[in-house]
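Here is the structure we will look at, set down as structure tokens.
Coordinate-derived values only; no laboratory data. As the structure is a computational prediction, the values presented were derived from the model and not from experiment. All Cβ positions, even for glycine, are placed from backbone atoms using ideal geometry, and neighbour counts span all protein chains on display.
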Amino acid sequence: MNTKKIFFTLILFLSLTTGTIYSQAKLEKQNTKDAFAEEDEESPAVERFRKRDFELGIRYGLGYHAEDRFESQLKNYKSESSPYIINYTSLSPIRNTSNSEFLARIRLFENGKAGFVYGNTKFNRFHLSEITSLYAPNLYTTTRLNFNLSVEYFFLMYTHEFKFRNFFIEAGMGMGINTVTWKTNGNAISRFEYTPQTGFMVGNGLGYKLEASVNKKITDHFVLQFGGFYNYYTVPSFNGTFNDNSGSFYLRSDGTIAPLSNSEFRDSIVDTNYASRQLDMRAGNIVIFTSILFRFSL
């Protein structure tokens, strides 16, 4: 009798143990299912999500910059603030840009990708010429300034992708930080002297990006991309040096612009009662680009 009880007890114990192990294994299998995979196991996206698609790419484009407030304000450059000084200023247009970018991203959803873009925008070299005269027509001063403006930016991006016939269409947006570098060289010439003009100023701010592209798969790992994007850069102020003195470009209350050292800025307020603030920049450019993407899975 005791033997039978022991036997049935062992059978019951083994049955419960086997059932528990099976339930735990089944639960672990469900828990380890890829969170990005769809419920439909036949979906081609399931295998793709489990492998985690990554993309690395390089991009180059040519762009156009329309006239904006920053360019319009530079046309009001006036080295001397006195209203009694005759002044004429001309500025060459800032229209062409070139862009290069490096991008990296991961597929989050079947049609969604997230990543970052690190890029550089170079504006065409532009020039400012100013003629001033305190004792016209006997004494003139001619100033010629050459400007080089470039932007480095880092944007976080989200891109949505959908298929159209044999192509993939992408549209995305992003935002991040940008750094604008403003280099100046030139000279000021009068009857009695020649003065070199040099400057290096930097400003930081927030930037924004909108883009759209058409993708064509070349091989399993390479994708060719054509498209366009719009970048918008903001800088609240520039700081650096001009003619070896710490300073910035300032906007006076009468709308004129001039590079002033910190001491000149203080003197201009005390002596002339001019209210001034540092020149800001808000500029955008439209770019047509081509890029090559390398796609792999981990």
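Shape analysis of region 154-298 based on the Cα gyration tensor places the equivalent ellipsoid semi-axes at 47, 17, 12 Å, largest first. Residues THR181, THR219, ranked from the fewest to the most other C-beta atoms within 10 Å, line up as THR219, THR181. Computing Rg and the Kirkwood Rh from the Cα coordinates of region 153-198 gives a ratio, Rg/Rh, of 1.54. Ordered by the number of other Cβ atoms lying within 10 Å of each residue's own Cβ, fewest first, GLU55, GLU193, GLU152 fall into the sequence GLU193, GLU152, GLU55. Across all directions, the average flat footprint of the convex hull enclosing the Cα atoms of region 54-297 is 14.9 nm². The HN-Hα couplings worked out from phi for region 188-194 by the Karplus form 6.51 cos²θ - 1.76 cosθ + 1.60 (θ = phi - 60°) are 10, 10, 10, 5, 10, 8, 10 Hz, whole numbers, x standing for Gly and Pro. The C-alpha atoms of region 88-135 occupy a region whose extents along the principal axes are 72, 14, 14 Å, arranged from largest to smallest. When the alpha carbon coordinates of region 147-233 are projected onto the principal axes, the ranges are 72, 25, 19 Å, largest first.
The alpha-carbon atoms of region 202-267 define a convex hull whose volume equals 156 cubic angstrom per residue. Calculate the translational D of region 98-194 in whole µm² s⁻¹ from Stokes-Einstein, where the hydrodynamic radius comes from the Kirkwood formula applied to all Cα pairs, the temperature is 20 °C and the viscosity 1.002 mPa s. For the chosen part, D equals 122 µm²/s.
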